[in-house]
Amino acid sequence: MTPLSILSAAVLTPFGSDLELLLERLRAGPAPGDAPRRIPDADIDAAAGSAPSYRDRASSMLLGAARLSLAGFGIRPPVPDPERFGLVTGSHRGPLDSYALFHRKIQEAGPRLAPPLLFAHGYPNAPNTLASIALGIRGPNLSFSAGRVSGLSALMHGAIQIEQGRADRVLVAAFETVPAAWDNPAASASGASGFSEIAVAILLAPAGDGPRLLSVAESGGADAALALATAAAEAMLRSGAAGVGSILASLPSPPASAGAVRRFHLESFFGDAGGALGLLGVALAAASIRASRSGSILVASADAGGEAAAAVIG
Amino acid sequence: MSPPRRVRVVVTGLGAWTCVGRDVASLREALRSGRTGLRRIRRFDPAPYRNPVAGECEDPPPSVATGAPHRGAAFLAAALAEARANARMIPGDRSSLVAGTNFGGLSVLGAALRDPAGAGAGYFLREGTAWAAAAAGMDGARTTLSLSCASGAAIVGVAFDLIAFGRVERCVAAAYDELSEAAYAGLCALRAVTPLSLRPFDRRRSGTLFAEGAGALVLESLESARGRGVPILAEVLGQAINNDAHNLTAPEMEGRGIAGVMAAALLDAGLAPSAVDHVNAHGTGTLYNDPVETAAIHRVLGDRARQIPVVSIKPIVGHAMGAAGAIEIIATVLTLSEGFVPPTLGLEEPDPACDLDYVPGRARPFSGRIAISNSYGIGGANACVVLKKWEGP
């Protein structure tokens, strides 16, 4: 593929929004077990701005990261040339809190009193829609859900919009909340709730200065490891990069040895932020390359179901 | 950035599980005869709701449905199996899957919320896709797209892009949705459901009637289809997907987004508006959709708009939510390949604001070459796909 520029990248995490500090965190080693898993409300509100009425937490997080990313490139919404500006998003858990509240209301009050506002905000693509409205983005618009691969799936399809001339700039974003239903002692005691929150947005454009997306590819199959290896190999082949300096991976379990190449298992640092971790890896890779101005980094995601994707940032 | 060269993309397989039957043959017969699948809801008590009528599907047989996380996934598996069989695809052929759904596993949300892990109950979109892909023996890359009621058309557009620009040779685009009581309660609360009959473009229209089901299309490069020696049903020439960026629930009354998506799809296909011979409309029968869509068709097609048949098949198959676009594109492929346009049922008293040839009453012979299929969704999601009759290379 033709390399694309990563014009800006922005994140909201429980550990803040400074990508340099997050890179230091990676270098320092995995987080202790009691690390925060939720993004402070004040951080989300400051980034997203006030909501005119009800807004799901997932939608606020997406909007906040998107606004920060646009601001990082000096764009104040509404975006310029909106029909040529795309928004492609990915999330595994989506705006689940709204559907959970909707479900509870109709259980309590009966179907005749089903609340339309909660229902509309629970649509899987509602966060994308609300961000499109707030930012004035009217071009290509897609919303993906592919487990841990959601963010990189959004990245690939966002890149395609520019490659194929459908858009001049595309905001690619991924987000995951800790759903309220699973943020309780019972869930924690089950050992199943390692969920954490992250929202990421990166702004893509045709190649220019700065860090670049050299390639991105998807694969799949019953054997997740094989699918991941295939996606990574294809991404490397398409990128034309001679080698990678490090690997940032979002996987159900830590990656196997990669020889001398440094590798980081993002879940070990940030918890289970589902489909947002892969795109967080892209944002971290872009920040690292922006600082060092050299090297290339492989970002990979795979899910136990067999979805896999990989991207090379250089 | 100039777009790269494209390869030609063709349709080689269709699969449908709808309220009019369990395969494409049933759908074809219903479209030709004007037989509706809308009837009183049996799966849950419809008494509390705005209308007791919807398009419920027959359950897929145990050979297909056993182990499915929800009925919608079983619909998807059934449609995938038919489409892949028609296109003579074999298990393990590494073909990709782009699945689409509006509500995914909403019917099992309660179970998911009771599960501390949250996963495994089947609620998440990827779970239905993963299960159906495995059931169909598909082991290529897969993803799930959700673009409200434009999902079913958008997946065809996304699959087209993957093939046209050389990322994959074959990709199945398949969409599904299940009419759960939770979804129906919400749709009634949004007042999208008519309390009366579904009458697209009629002056008495008052809303839509929802349905469930699945539609699947096998897309592949022309070279792949020729190499495999499979019959070609139609060619996909272009697509566009956009958003109104207007309001989460209220329609954009100028129709700027839906006119824009049609114009962009025709530009993508390299066609002038005068080349279009048929429109398979979104045609929901809601107060606002039909005149706004009509005005957009006028704006984009100009004089050509009054010369061609424009139909809504929703009174036949219902509004199948996330699957609607895929089922309507299948209907459009049938229109091109078999030479008939289905009727718009329920249209008896034309609205002056809806002044096109909507083919009321009964199906009609068709000899055109180019058709477009429109799909729109809540929140301003719009998708348009351009198809061409297959007449050989």
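Summed over segment A:80-123, the residues that are touching a helix residue (DSSP H, G or I) at 6+ places or on another chain (Cβ under 9 Å), in a helix (DSSP H, G or I), among the small types (Gly, Ala, Ser) and without any contact (Cβ under 8 Å) to a residue 24 or more places away in the chain give a count of 1. Output the residues belonging to segment A:75-118 that are open to solvent by 70 Å² or more (accessible area, probe 1.4 Å) and either over 16 Å from residue B:110 (Cα atoms) or in contact with a Leu (Cβ under 9 Å, 6 or more places away or on another chain) (or both). The answer is A:76, A:78, A:81, A:83, A:84, A:104, A:105, A:112, A:113, A:117. Scanning segment A:281-314 for residues that are touching a residue at least 24 places away in the same chain (Cβ under 8 Å) and of a type in the set (D, E, K, R) turns up A:290, A:303, A:307. On inspection, residue B:48 fails the criterion of being in contact with a strand residue (DSSP E or B) (Cβ under 6 Å, 6 or more places away or on another chain) and open to solvent by 10 Å² or more (accessible area, probe 1.4 Å).
Taking the criterion of being more than 7 Å from chain B (Cβ to nearest Cβ), part of a helix (DSSP H, G or I) and at pLDDT 95 or above, the residues of segment A:132-186 that qualify are A:134, A:135, A:150, A:151, A:152, A:154, A:155, A:156, A:158, A:159, A:161.
Here segment B:4-45 is the region considered, the condition is being assigned to a helix (DSSP H, G or I) and among the hydroxyl-bearing types (Ser, Thr, Tyr), and the residue that is least open to solvent (accessible area, probe 1.4 Å) is B:26. Taking the criterion of being in contact with a Pro (Cβ under 9 Å, 6 or more places away or on another chain) and in a loop (DSSP other than H, G, I, E, B), the residues of segment B:46-86 that qualify are B:46, B:48, B:49, B:50, B:51, B:52, B:68.
Return a yes/no flag: does segment B:138-154 have any residue that is surrounded by fewer than 24 Cβ atoms within 10 Å (Cβ to Cβ), in a loop (DSSP other than H, G, I, E, B) and either more than 9 Å from every other protein chain (Cβ to nearest Cβ) or of a type outside the set (A, V, I, L, M, F, W, C) (or both). Yes, there is a match, as at least one residue in segment B:138-154 is surrounded by fewer than 24 Cβ atoms within 10 Å (Cβ to Cβ), in a loop (DSSP other than H, G, I, E, B) and either more than 9 Å from every other protein chain (Cβ to nearest Cβ) or of a type outside the set (A, V, I, L, M, F, W, C) (or both). With the condition kept exactly as written, say whether any residue in segment B:320-336 is outside any helix (DSSP H, G or I), under 21 Å from residue B:380 (Cα atoms) and either of a type in the set (A, V, I, L, M) or open to solvent by less than 30 Å² (accessible area, probe 1.4 Å) (or both). Checking segment B:320-336: at least one residue is outside any helix (DSSP H, G or I), under 21 Å from residue B:380 (Cα atoms) and either of a type in the set (A, V, I, L, M) or open to solvent by less than 30 Å² (accessible area, probe 1.4 Å) (or both). I need the full set of residues from segment A:140-179 which are of a type in the set (S, T, N, Q) and over 19 Å from residue A:98 (Cβ atoms), in order please. Within segment A:140-179, A:141, A:153, A:161, A:164 meet the criteria.
Filter segment A:131-178 down to the residues that are basic (Lys, Arg) and closer than 23 Å to residue B:376 by Cα, then identify the one that is surrounded by the most Cβ atoms within 10 Å (Cβ to Cβ). Outline the logic, then answer.
Within segment A:131-178, the subset basic (Lys, Arg) is A:138, A:148, A:166, A:169.
Checking which are closer than 23 Å to residue B:376 by Cα leaves us with A:138, A:166.
Numbers: A:138: 28, A:166: 22.
Only one residue fits best here, namely A:138.
The values are calculated or read from the model by the stated rules, or taken from the named source; none is laboratory data. Every value quoted in this text rests on a predicted model; they were computed, and no experiment measured them. Quick reminder, even Gly has a Cβ in these numbers, built from the backbone with ideal geometry, and neighbours come from all protein chains shown. Accessible surface areas use protein heavy atoms only, side chains included; no ligands, DNA or RNA. Shrake-Rupley method; radii C 1.70, N 1.55, O 1.52, S 1.80 Å.
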